[in-house]
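Step one of this worksheet: look at the structure below.
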Amino acid sequence: MDTCIGLVGKDYVLLAADAMAGRSIMIYKSDEDKILPLNSTTLLGMTGPQGDRANFGEYVRRNVYLKELREKVPLTTSAIANFTRNELHEALRSGPYQVNILLGGVDEAKPSLYYMDYLASMQEVNFGVHGHASNFCLSVLDKYWLPNMSQEEGIECLRKCIKELNTRFMINLSEWKVKIITAEGLKEVAL
């Protein structure tokens with residue numbers, strides 16, 4: 001029942017993920033961080049089984065770091081997205097990772113968000129949602145998302161998504177981790 005929501009604003013990418021780690025009818029913890037910083041300008045938000053999220057997220061983060069050390073140049077969001085998509089594709093035939101990804105970053109003040117699923121499809125989007133919450137949040141984002149939204153407007157749009165989930169979704173997603181990435185770096189936001 002994982003949920004990950006992302007949107008692109010004027011000069012930022014906003015990612016939010018529920019903080020619940022559970023399986024079946026059990027909640028194991030309610031402070032899980034499903035949004036992983038890959039470098040100073042890129043975030044990786046994931047949904048899926050906890051083991052696959054942790055393993056694949058660390059694998060991508062360490063390989064991005066290694067590539068940047070070797071090349072002595074930071075990778076762009078597009079390069080990281082294509083690397084991540086290729087790794088999902090390679091694992092598909094041998095031992096697939098059951099992770100769905102929203103990868104966002106800011107390159108030279110240009111924000112971008114990539115939507116990937118566990119079958120290694122990838123698309124650059126203005127907003128995206130993974131999980132059952134997409135049934136409720138995509139309509140809210142479709143109505144309220146605007147190009148060049150300020151950070152305050154983006155956070156308010158996210159609040160509307162969470163309010164809709166709290167009203168209509170039968171599962172209580174009370175705790176959220178929210179992060180904004182800009183050209184200046186990463187910032188956590190309290191809702």
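A few remarks follow.
- Relative contact order of the range 3-63, pairs being alpha-carbon contacts under 8 Å that are 6 or more residues apart, as %: 23
- Each Lys and Arg contributes +1 and each Asp and Glu -1, all at the Cβ; summed about the Cα centre of the range 70-187, the dipole is approximately 220 debye.
- Taking a ≥ b ≥ c as the square roots of the eigenvalues of the alpha carbon gyration tensor, the range 151-191 is prolate, as a/c is not under 1.5 and a/b beats b/c.
- Rounded if a/c under 1.5, otherwise prolate or oblate - the range 93-191, Cα gyration tensor axes: oblate
- Under DSSP loop assignment and at most 15 Cβ neighbours within 10 Å, longest GluC sites (Glu not before Pro)-free interval of the chain: 1-107
- Amide H within-cut-off set for residue 4, under 5 Å, with H built and near neighbours excluded: 130
- Size descriptors for the chain: radius of gyration and Dmax over Cα atoms are 15.7, 49 Å.
- Label-to-label distance for residue 108 and residue 1 is 4.5 nm, based on points extended 7 Å past Cα in the beta-carbon direction.
- Stretched out straight at 0.36 nm per residue, the stretch from residue 134 to residue 31 would grow longer than its current Cα-Cα span by 34.9 nm.
- Residue order for 119, 92 - accessible surface, 1.4 angstrom probe, largest first: 119, 92
- Label-point separation, residue 117 to residue 23 (7 Å along Cα→Cβ), nm: 2.4
- By accessible area with a 1.4 Å probe, ligands and nucleic acids excluded, highest first: order of 28, 115: 28, 115
- Placed amide H near residue 176: partners under 5 Å, 5+ positions off or other chain: 19
- Relative contact order %, the chain, counting alpha carbon pairs below 8 Å whose residues are six or more apart: 31
- Mean residue ellipticity, 222 nm, helices only, the chain: the sum of -39500 (n - 2.57) across DSSP H runs of n ≥ 4, divided by residue count and rounded to 500, is -11500 deg cm²/dmol.
- Global form of the range 4-95, assessed from the alpha-carbon gyration tensor, a/c cut-off 1.5: oblate
- Alpha-carbon centroid distance for the pair the range 114-171 / the range 1-71, whole angstrom: 16
- Within the chain, the cysteines lacking any other cysteine Cβ closer than 4.7 Å to their own Cβ are 4, 157.
- Using θ = phi - 60° and Karplus 6.51 cos²θ - 1.76 cosθ + 1.60, couplings along the range 67-84 (whole Hz; Gly, Pro as x): 4, 5, 5, 5, 8, 6, 9, x, 6, 6, 4, 4, 5, 5, 4, 5, 4, 4
- Backbone geometry of the range 151-167 corresponds, through the Karplus equation with coefficients 6.51, -1.76 and 1.60 at θ = phi - 60°, to 3J(HN,Hα) couplings of 4, 5, 5, x, 5, 5, 4, 5, 4, 5, 4, 5, 4, 5, 5, 5, 7 Hz, x marking Gly and Pro.
- Taking 0.36 nm per residue of separation and subtracting the Cα-Cα distance, full extension of the segment from residue 159 to residue 175 would add 4.5 nm.
- With 32 Å as the limit, the listed pairs 72/179; 67/177; 67/143; 29/72; 110/143; 29/110 have 67/143; 29/72; 29/110 beyond it between alpha carbons.
- Legend: residues 29, 34, sorted from most to least accessible area (1.4 Å probe; ligands, DNA and RNA excluded), read 29, 34.
- Our summary gives the range 110-191 a relative contact order of 19 percent, counting only alpha carbon pairs under 8 angstrom and 6 or more residues apart.
The values are calculated or read from the model by the stated rules, or taken from the named source; none is laboratory data. All figures in this text were calculated on a predicted structure; none of them were measured in a lab. Cβ coordinates were reconstructed from backbone atoms using ideal geometry, including for glycine residues, and neighbour counts include every protein chain displayed. Please note that ligands, DNA and RNA were not included when accessible areas were found on the heavy atoms of the full protein model with its side chains. Shrake-Rupley method; radii C 1.70, N 1.55, O 1.52, S 1.80 Å.
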